[in-house]
Every structure is written in structure tokens, then in C-alpha cells.
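Step one of this worksheet: look at the structure below.
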Amino acid sequence: MRIYIEKDYDAMSRRAATVIAGEILHNPACVLGLATGSTPEGAYKYLVDWHKQGLLSFKDVLSVNLDEYVGLAPSHDQSYRYFMQSNLFDHVDIVPENTRVPDGLTKAPAAFCADYDAYIRSLGYVDMQLLGIGRNGHIGFNEPGDCFVKETHVVDLAESTIDANARFFASRDDVPKQAISMGMGAIMGAKKILLAASGEEKADAILGAVTGTISPRCPGSILQLHPNVVVIVDEAAGSKLRAAGVSVCG
Ligand code: PGA
């Protein structure tokens, strides 16, 4: 793993955006695995800015998102499709048909999940997978459990995830209890993985992902088995790495 500790959220976002932009410039028809949440918002702003300045084009990029809440329509302002449209897709030249986000309204989840994996396999997996991490160590919505799940699947969200995401909804009761998430097969199949995190509340999860026992109890720890991972965190999220003396690039 190559680890960068940046001074704050903005510097983390800019560094993450340069890695994504670098991927697109190197391979304009790349397949990006994209994430939602507070973590990537800043990076997406940089990418939109660079696109508006004429530095970056998404016209041949394909994207596949990690997850979506079960029961939320694309028009719901907390759905991850809505997030992607409003934070990135609506502001760049990506072809709408080239963007995939799991369908939270599917009536046939098992078939949908199998098709999602088949599509990712048909692309030869993603070139670069962007990941945030939950306070409990989840990646995508792969929550802590007894085993790593390989396939895209329907997940019961952990209570701690519902608590963490309640800030986006009018009340905790409005947070969906399930999501569709890419499994570890699609995530680990990515040629490159970019894990980003900010804030003190992510420091334990980052320490667990980078140096902890590899275990489904901390899903992010599986990334230690991937040959090409870049970790970009701010000082607060990286504080326990620093305390543990983990060597970092910057
Ligand atoms: P956040 O979520 O970026 O909103 O902190 C990350 C995650 O839960 O994976």
C-alpha cells in the first residue's frame, strides 16, 4: 500500500482527484468504480473544475458505482444515483448510458445482483476503484460479519451505519435498512484501488484496514491482500497510522 497523509479534507480531496484524473488521462476509456458519501464529494468537485477548465474529459469513461439504498428511487435526494448525478455526472461529459449505479427499486434483486457482477466481469473489472470506509471498517456496504461476501448482494445495514448516515435524512427512521452492494470479488478485481478517508472518527477503521488482522470483522482489512492500493487520508484519519509508526509516502 502507498499511504499519503494530507493536512486536511481539501488536500486529501485534491490528492485523490489527481489520482483519478491521472487514470483518465492515461486511459481515456477507463472503467472507474465510484463511491458516494462525504468522503469523495471534494474530489468530485476538483474533477468537475478540471473538466470545466478543459483539462479532463469523461466522454469515453465508463463508471460502475459501489452501492445503492434499497427502496430509494433515482429521484430521491438521498439515493446514490441522485448523489452521482448532482456531484459529478451532470457536470461532466460522461455518457449517461455509460454510468451504472445499482437499482434500489429492483423487483428481482438476486437476478439484478448477478447481472451487475456479470457486467463488471464483461468489462474486465474496473481499472480504478474509489473507496471510502465506514467507522466500522465497511467498504461499499460490506458490513462486518463472519465472512467476506464475494458477489454483489443485498445487505442489512449495520446499526452503526444507520446511525452514521442518519445525518443525511430527516430522521433515523427514514434511513433505509438495506442496500445493494458490490461484493469483495468486484472490489478486489479492480486493477487499482484508491481508499480515502477523513476525520478522527475514521482513524480506527483506517488503522484496521492498513495494519489490522485480515478479517471480515474489519472488511477494509481485505485490501492488504490487493497488490495496488493507494490510501489517501487527512491528518485526523491518519493519526493512528502515525502513532503506530506506519511508513507513509507523504
Ligand atoms: P462517508 O461514508 O464518506 O460519508 O464518511 C463512507 C462509508 O461509509 O463508506
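The values are calculated or read from the model by the stated rules, or taken from the named source; none is laboratory data. Since this is a predicted model, take the numbers as computed values, not measurements. Note that we place each Cβ from the backbone using ideal geometry, even for glycine, and neighbour counts take in every protein chain shown. Accessible surface is based on the protein model in full, side chains and every heavy atom, while ligands, DNA and RNA are left aside. Shrake-Rupley method; radii C 1.70, N 1.55, O 1.52, S 1.80 Å.
Tell me, yes or no, whether the range 110-127 has at least one residue that is within 16 Å of the ligand (Cβ to nearest atom), closer than 25 Å to residue 61 by Cβ and surrounded by 13 or more Cβ atoms within 10 Å (Cβ to Cβ). First the steps, then the outcome.
We begin by selecting, within the range 110-127, every residue within 16 Å of the ligand (Cβ to nearest atom); these are none.
No, because not a single residue in the range 110-127 is within 16 Å of the ligand (Cβ to nearest atom), closer than 25 Å to residue 61 by Cβ and surrounded by 13 or more Cβ atoms within 10 Å (Cβ to Cβ).
Can you confirm whether the range 151-160 contains a residue that is surrounded by 23 or more Cβ atoms within 10 Å (Cβ to Cβ) and either more than 16 Å from the ligand (Cβ to nearest atom) or modelled with pLDDT of 95 or more (or both)? Give the steps one after another, and end with the answer.
Applying the first criterion (surrounded by 23 or more Cβ atoms within 10 Å (Cβ to Cβ)) to the range 151-160 yields 152.
After this cut, where a residue has to be either more than 16 Å from the ligand (Cβ to nearest atom) or modelled with pLDDT of 95 or more (or both) as well, the list is 152.
Yes, that holds for at least one residue.
Conditions tested, residue by residue: (1) in a loop (DSSP other than H, G, I, E, B); (2) without any contact (Cβ under 8 Å) to a residue 40 or more places away in the chain; (3) out of contact with any strand residue (DSSP E or B) (no Cβ under 6 Å at 6 or more places or on another chain).
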{"position": "60", "(1), (2), (3)": "yes, yes, yes"}
{"position": "72", "(1), (2), (3)": "yes, no, yes"}
{"position": "76", "(1), (2), (3)": "yes, yes, yes"}
{"position": "85", "(1), (2), (3)": "no, yes, yes"}
{"position": "93", "(1), (2), (3)": "yes, no, yes"}
{"position": "104", "(1), (2), (3)": "yes, no, no"}
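Just give me the residues in the range 1-14 being more than 16 Å from the ligand (Cβ to nearest atom) and either within 16 Å of the chain's Cα centre (by Cα) or in a helix (DSSP H, G or I) (or both), in sequence order. Show your work before the answer.
Of all residues in the range 1-14, those more than 16 Å from the ligand (Cβ to nearest atom) come to 1-5, 7, 11, 14.
Result: 11, 14.
Being in a helix (DSSP H, G or I) and modelled with pLDDT of 95 or more is true for just one of 203, 196. Which residue is that?
Values: 196 fails: in a helix (DSSP H, G or I).
Being in a helix (DSSP H, G or I) and modelled with pLDDT of 95 or more holds for just one of 203, 196, which is 203.
Quick one: would you say residue 29 is among the small types (Gly, Ala, Ser), open to solvent by 50 Å² or more (accessible area, probe 1.4 Å), away from the ligand (no atom under 16 Å from the Cβ) and at pLDDT 95 or above?
Values: among the small types (Gly, Ala, Ser): yes; open to solvent by 50 Å² or more (accessible area, probe 1.4 Å): yes; away from the ligand (no atom under 16 Å from the Cβ): yes; at pLDDT 95 or above: yes.
The answer is yes for residue 29.
Take the residues of the range 128-150 that are of a type in the set (Val, Ile, Thr) and either within 10 Å of the ligand (Cβ to nearest atom) or touching a Cys at 6+ places or on another chain (Cβ under 8 Å) (or both): which is farthest from residue 15 (Cα to Cα)?
Step one: of the range 128-150, the residues of a type in the set (Val, Ile, Thr) are 133, 139, 149.
Next, from what is left, pick out any that are either within 10 Å of the ligand (Cβ to nearest atom) or touching a Cys at 6+ places or on another chain (Cβ under 8 Å) (or both): 133, 139.
Values: 133: 17, 139: 20 Å.
Restricting to residues being of a type in the set (Val, Ile, Thr) and either within 10 Å of the ligand (Cβ to nearest atom) or touching a Cys at 6+ places or on another chain (Cβ under 8 Å) (or both), the top hit is 139.
Provide a single number: the residues in the range 208-228 that are crowded, with 21+ Cβ neighbours inside 10 Å and of a type in the set (A, V, I, L, M, F, W, C).
Start the filter on the range 208-228 by keeping residues that are crowded, with 21+ Cβ neighbours inside 10 Å, which leaves 208-210, 218-221, 223.
If we keep only those that are of a type in the set (A, V, I, L, M, F, W, C) as well, we get 209-210, 218, 223.
Adding up the residues that qualify gives 4.
Give the range 43-73 a look and list any residue that's crowded, with 21+ Cβ neighbours inside 10 Å, within 16 Å of the ligand (Cβ to nearest atom) and not aliphatic (A, V, I, L, M), or say none.
Passing the criteria: 44, 65, 67, 68, 69.
Which of the residues that make up the range 161-187 are in contact with a His (Cβ under 9 Å, 6 or more places away or on another chain) and not aliphatic (A, V, I, L, M)?
161, 181, 183 - these are the residues of the range 161-187 that are in contact with a His (Cβ under 9 Å, 6 or more places away or on another chain) and not aliphatic (A, V, I, L, M).
Scan the range 189-208 and report the pairs whose first residue is among the basic types (Lys, Arg) and whose second residue is crowded, with 22+ Cβ neighbours inside 10 Å, with Cβ atoms within less than 6 Å and a gap of 6+ or a chain change.
192/128; 202/237
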